[in-house]
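Any read-out appearing in this document is the output of simple, stated calculations on the displayed coordinates, not a laboratory observation. Keep in mind that what you see is a predicted model, and the values were worked out from it rather than measured. Heads up, the Cβs are rebuilt from the backbone with ideal geometry, glycines too, and the neighbour counts pull from every protein chain shown.
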Amino acid sequence: MITEQTIREALKNVIVPAAERSLIDLNLVNNITILNDVVEITLANAAINTELQEYLTDGIRAALSKTNIANITVSYVETKPADLNHIKHIIAIMSGKGGVGKSAVSALLAISLQRTGNSVGILDADITGSSMPRMFGLKNRPLGSENGILPVASESGIDIISMNLMLPEQESAVIWRAPLLTKAIQQFWEEVLWGNLDYLIIDLPPGTADAPLTVMQSIPIEGVIIVSTPQSLVEMIVKKAVNMAQKMEKPILGIVENMSYFYVPELKKKYELFGKSKGETLAKAAHAPLLAQLPIDPELARLCDEGKIESYNSPFVKDLANAVTQIVAQKTESIT
């Protein structure tokens with residue numbers, strides 16, 4: 001006997017191009033009706049253009065071809081992505097100053113969370129300085145329709161949206177004033193079909209201006225992770241980001257000190273190239289834990305340049321993801 005559950009299991013094999021996730025994962029299945037030997041499937045049309053609708057309809061028929069269903073009808077109902085997105089945890093990665101490796105930390109956290117079985121997306125809110133597509137080696141433009149945009153999946157299955165995916169060339173400059181920048185961030189949040197996600201990582205631009213303000217005011221982030229480096233000048237500027245998060249009443253989940261030291265394995269010695277660590281001091285000022293002290297690693301720099309950051313392995317990154325998931329779990333338990 002054909003049941004709705006049987007059909008939903010089959011639809012898990014129907015993959016939406018670009019996002020490379022199933023109809024079920026993207027929450028596109030609106031309704032399933034079974035009447036005698038006729039099955040009617042209604043899908044949401046959010047971000048699904050006419051060509052994609054035909055492709056998915058064929059995919060559904062193929063997925064259900066081994067069942068005893070005689071007649072299958074597929075229709076589409078107008079829906080906005082915001083009505084379909086169900087994201088468990090939204091974390092913003094912030095810094096007061098550029099050049100501290102904030103985007104790399106965002107990417108590595110997403111990669112490590114995905115490796116532990118979580119479904120993960122990255123919203124690149126650094127509109128004028130987006131670097132996510134380059135680090136992940138993404139070149140395909142997002143698909144979509146008048147009703148929304150599909151993110152682009154990385155090699156390991158992380159869904160990413162970034163302004164650089166929409167530009168004619170990677171080097172094209174985005175010369176926009178603040179209102180356009182904030183509108184783009186809002187569109188990435190409201191008009192991108194994220195579907196069901198465990199984590200959405202938002203990579204903020206440096207500073208405390210319009211873009212971080214837009215995210216903190218309009219997106220229900222669970223908390224902020226602040227990235228710093230050991231220099232005293234950076235510490236001073238990053239404290240501005242700490243103050244902003246506190247004034248906006250957004251929890252600071254923790255501090256990540258990047259480029260904390262350089263380790264020479266032949267000598268078994270650490271060199272603090274940018275001075276003595278300020279991580280603990282900054283963590284105390286933020287009333288938050290020091291989540292990680294990440295070393296300078298030429299291998300990471302090389303993989304970022306080559307668009308192969310997903311190949312990077314480091315126990316420090318794994319520990320960072322573990323620390324974040326523990327903090328998120330504790331927050332969830334305290335709420336319930």
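Averaging the sequence gap over all C-alpha pairs within less than 8 Å and six or more residues apart, then dividing by the number of residues, gives the chain a relative contact order of 19 percent.
Summarising the strand pairing of the chain, around 30 percent of its internal DSSP beta bridges are antiparallel.
In summary, segment 4-79 shows an alpha-carbon radius of gyration equal to 1.00 times the 2.2 N^0.38 Å reference for compact globular proteins.
Listed by chain and number, the aspartates and glutamates whose C-alpha is less than 12 Å from the C-alpha of Lys102, apart from same-chain residues fewer than 8 away, are Asp124, Asp126, Asp203, Glu257. Per-residue ellipticity at 222 nm, computed for the chain from helices alone with -39500 (n - 2.57) per DSSP H run of at least four residues, works out to -11000 deg cm²/dmol. In this structure, the amide hydrogen of Thr229, modeled 1.01 Å from its nitrogen in the peptide plane, lies closer than 5 angstrom to those of Asn258, counting only residues at least 5 positions away or on a different chain. For the chain, complete DSSP H runs whose alpha carbons reach 27 Å or more along their own long axis and whose mean Kyte-Doolittle score is -0.5 or higher are 315-335. Sparse packing (at most 13 other Cβ atoms within 10 Å of the Cβ) combined with a DSSP loop state is found for the following GluC sites (Glu not before Pro) in segment 232-285: Glu249, Glu266, Glu272. The alpha carbons of segment 83-335 stretch over 57, 39, 37 Å along the principal axes, in descending order. Among DSSP bridges having both ends in segment 44-167, what percentage is antiparallel? Round to the nearest 5. Close to 50 percent.
With respect to the cross-link table entries Lys240/Lys276; Lys276/Lys308; Lys239/Lys268; Lys80/Lys318, which display a Cα-Cα separation exceeding 29 Å? Let's see the in-between values first.
Details: Lys240/Lys276 20 Å; Lys276/Lys308 31 Å; Lys239/Lys268 33 Å; Lys80/Lys318 35 Å.
Violating the 29 Å Cα-Cα cut-off are Lys276/Lys308; Lys239/Lys268; Lys80/Lys318.
If a/c stays under 1.5 just call it rounded; otherwise compare a/b with b/c (prolate if a/b is bigger, oblate if not). Do that for segment 83-221, with a ≥ b ≥ c from the square roots of the Cα gyration tensor eigenvalues. Judged from the Cα gyration tensor, segment 83-221 comes out rounded (a/c under 1.5). Partners of Lys247 within straight-line reach, counting aspartates and glutamates whose Cα lies under 16 Å from its Cα and excluding those fewer than 8 residues away in the same chain: Asp210, Glu222. Measuring nothing but how far apart in sequence close Cα pairs (under 8 Å, 6+ apart) lie, relative to its length, segment 4-79 scores a relative contact order of 33 percent. With a cut-off of 14 Å between beta carbons, the residues surrounding Lys183 carry a summed charge of -2, where Lys and Arg count +1 and Asp and Glu -1. By other beta-carbon atoms within 10 Å, ranking Asp124, Asp58, Asp198 with the fewest at the front produces Asp58, Asp198, Asp124.
Only beta bridges with both residues in segment 4-79 are counted; by DSSP, about 55 percent of them are antiparallel.
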